[in-house]
Amino acid sequence: MLQTAALRREYGSTVAVKDIDIEIETGEFASIVGPSGCGKTTLLRMLAGHLEPTSGGIVLDGEDITATRPQDRPTSLVFQTWALFPHMTVRENIEFPIETAGRNLDRSVEELLELVRLDPEEHADKSASELSGGQKQRVALARSLAYDPDILLLDEPLASLDYALQKQLQRELADLNRELDMTFIYVTHSLEAALVMSDTLFVLDEGQVAQTGAPEDIYQSPKSTFIADFMGDANVFAVDAEPTGDGAFTVTSDEFEGEVTVEDDHDGREPTDLVVRYDDCVVRPTLETPVGVAVDVDNILVRGNTVLIECSADTEDDYVAEVPFDWFQTVDIEIGDRAYFQWEAEKSIPVPE
């Protein structure tokens with residue numbers, strides 16, 4: 001298990017990471033996500049040993065490694081840039097850093113290339129300059145695995161690849177994590193990638209962990225409006241809440257018609273907003289659910305088997321519904337129509353400020 005205790009990093013008067021406590025189980029695929037400047041990369045660099053904490057500690061399997069040099073830690077870091085030597089072959093790019101460090105390969109180059117889905121016979125003796133972007137990233141990954149680390153740290157390694165290749169490598173990284181039973185810690189701006197690959201998410205905001213948990217739990221039960229917005233696909237309504245006296249709240253709003261009763265999921269903290277996911281909403285000519293808002297249909301975007309319906313209310317608030325394409329074909333809705341944006345009350349997610 002990897003643990004941090006009140007881990008902190010300051011740059012002068014700026015606090016980049018604020019007393020973070022995290023726990024990552026051995027073999028887990030954990031992703032660290034958050035907006036730009038939230039401290040993701042700073043945290044990863046401290047875990048790798050490339051940046052000294054201002055205070056706090058890092059413990060791996062009961063051993064304090066806070067002051068351990070990067071080369072002496074059982075970690076390996078995969079960068080966003082491939083950092084391959086273009087004049088060397090694939091084999092030499094994998095072997096050279098290991099030999100320079102005075103170490104031996106724990107696996108053969110052929111085994112490492114097979115792990116990252118590259119044919120050794122075809123690629124081992126190719127020049128790095130002959131490789132595609134995806135192949136270069138696979139070689140960089142193989143080189144990191146050559147150290148046989150306990151923990152693989154990944155800093156946006158797929159960011160420079162095209163979308164289709166990113167999707168493919170996301171699946172391969174998740175498969176590799178399970179195959180090796182190695183701890184992966186992945187820093188990314190791509191929430192989609194984190195949702196697809198991760199066992200656990202750490203969402204950072206202003207240098208602090210705003211929420212931790214399984215991706216589906218954070219998506220379905222955000223602890224704050226920030227989390228709801230960050231996780232995406234969220235329509236947010238400002239609300240007034242009244243306790244019912246039995247562990248619930250009755251919620252109303254100037255922004256929609258009707259009222260909603262929601263459970264107290266936040267230890268008595270009163271909801272200030274109601275979140276409804278895009279795919280829990282529909283748009284119809286008339287109001288057919290207990291909750292909804294009159295809107296103008298501004299845009300209709302077909303995305304394969306789903307349709308995004310973009311709407312605006314008289315309050316100038318904008319809302320989006322994502323509906324199945326087949327369902328949309330049955331509803332008489334066009335751009336410019338006056339309609340009702342609506343959802344079932346039980347799909348409402350209450351969040352405190």
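The values are calculated or read from the model by the stated rules, or taken from the named source; none is laboratory data. In this text, all values refer to a predicted model and were calculated from it rather than measured experimentally. In this analysis, Cβ positions are derived from the backbone assuming ideal geometry, glycine residues included, and neighbour counts consider all displayed protein chains. Note: areas computed on protein heavy atoms with side chains; ligands, DNA, RNA excluded. Shrake-Rupley method; radii C 1.70, N 1.55, O 1.52, S 1.80 Å.
Of all the criteria given as (1) within 25 Å of Asn104 (Cβ to Cβ); (2) buried (at least 22 other Cβ atoms within 10 Å of the Cβ), the one not satisfied by Leu158 is (1). Screening region 79-97 for residues that are in contact with a Phe, Trp or Tyr (Cβ under 9 Å, 6 or more places away or on another chain) and not in a helix (DSSP H, G or I) and picking the one that is nearest to His189 (Cα to Cα) gives Phe85.
Looking at region 136-186 only, could you name the residues that are assigned to a strand (DSSP E or B) and of a type in the set (Phe, Trp, Tyr)?
Phe184, Tyr186
For region 206-220, the set of residues classified as in contact with a Gly (Cβ under 8 Å, 6 or more places away or on another chain) and either assigned to a helix (DSSP H, G or I) or buried (at least 18 other Cβ atoms within 10 Å of the Cβ) (or both) consists of Gly207, Ala210, listed by residue number. Tallying residues that are open to solvent by less than 30 Å² (accessible area, probe 1.4 Å) and within 18 Å of Tyr186 (Cβ to Cβ) within region 52-74 yields 3.
Being assigned to a strand (DSSP E or B), over 16 Å from Asp233 (Cβ atoms) and open to solvent by less than 60 Å² (accessible area, probe 1.4 Å) is a condition met by at least one residue of region 307-329. Pairs meeting the criteria (first residue in region 136-156 and within 12 Å of Glu114 (Cα to Cα), second residue aromatic (Phe, Trp, Tyr), beta carbons under 8 Å, at least 6 apart or on different chains) are Val139/Trp82.
The residue that is surrounded by the fewest Cβ atoms within 10 Å (Cβ to Cβ), among those in region 171-182 that are in contact with a Ser or Thr (Cβ under 9 Å, 6 or more places away or on another chain) and within 12 Å of Val116 (Cα to Cα), is Ala174. Within region 12-37, if we keep just the residues that are buried (at least 17 other Cβ atoms within 10 Å of the Cβ) and part of a loop (DSSP other than H, G, I, E, B), the residue that is farthest from the chain's Cα centre (by Cα) turns out to be Glu28. Of all residues in region 287-301, none are assigned to a loop (DSSP other than H, G, I, E, B), within 26 Å of Phe226 (Cα to Cα) and among the hydroxyl-bearing types (Ser, Thr, Tyr). Restricting Glu92, Glu130, Glu111 to those that are surrounded by fewer than 13 Cβ atoms within 10 Å (Cβ to Cβ), out of contact with any Asp or Glu (no Cβ under 8 Å at 6 or more places or on another chain) and without any contact (Cβ under 8 Å) to a residue 40 or more places away in the chain reduces the list to Glu130.
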